[in-house]
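Derivation of every value follows stated rules applied to the coordinates shown; laboratory data play no part. Here the structure is a predicted model, which means the values were calculated and not measured. Glycine gets a Cβ as well: all are built from the backbone with ideal geometry, and neighbour counts include every protein chain shown.
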Ligand SMILES: [Mg+2]
C-alpha cells in the first residue's frame, strides 16, 4: 500500500505514452491494439516502472473505454495497478466554435470528488486544453 500523501500521477495515453496509427508507419509497430498499429514511446516500460516507485499512478484518456482498457492491459507491467483507469465517459464535452467540433475536457473536479487532494496531483497530457 502506498502512502496516501504520495503524488497521484495521471497519465494520458495517445501521443503521451504511445502513438496509435490506423495504418502502420514505415517501421514495424511495437504492437497492435484492436485495429491500430501502436508505437510506444521509447523506454516506456522503464518510465512506467520508475514513476510507479515514486507516484501513485492513474490513467485518464479521452478515448473509448474498450481501447483504454486494451492499452492498459497491453503496455502496463502487471505489477502496476493504477488507482483508476478512466476513459471518455469520465470527460466532459465542450464545443469549439472556431473549429465547429466537440472536444473533451478532463475536469479535475472529478478527481477531487474521489477524495484526491489536487495539490498532490500531476497530470501529463499532450493536449493542454484537455485539463
Ligand atoms: Mg493525448
note = Put in order of increasing Cβ neighbours within 10 Å, starting from the fewest, 89, 98, 83 give 98, 89, 83
query = Of 60, 86, 99, which has the largest mean-square fluctuation in a 10 Å C-alpha GNM of the chain?
reply = 99
ask   = What does the helix-only formula give at 222 nm for the chain: each DSSP H stretch with n ≥ 4 adding -39500 (n - 2.57), the total divided by the residues, and the result rounded to the nearest 500 deg cm²/dmol?
value = -6000 deg cm²/dmol
ask   = Say a paramagnetic label sat at a point 7 Å from the Cα of residue 66, along Cα to Cβ; which residues of region 1-41 have their backbone N under 18 Å from it?
value = 20-23, 32-38
ask   = According to a simple spin-label model (label point 7 Å from Cα along Cα-to-Cβ), what is the distance in nm between residue 16 and residue 48?
value = 1.4
remark   = Distance in nm between residue 118 and residue 94 label points, each 7 Å along Cα→Cβ, equals 1.3
remark   = Within region 32-61, the residues whose backbone N lies under 11 Å from a label point placed 7 Å from the Cα of residue 79 along the Cα-to-Cβ direction are 49-50, 53
ask   = Regarding the chain, what are the three Cα extents along the principal axes, ordered largest first, in Å?
value = 44, 41, 21
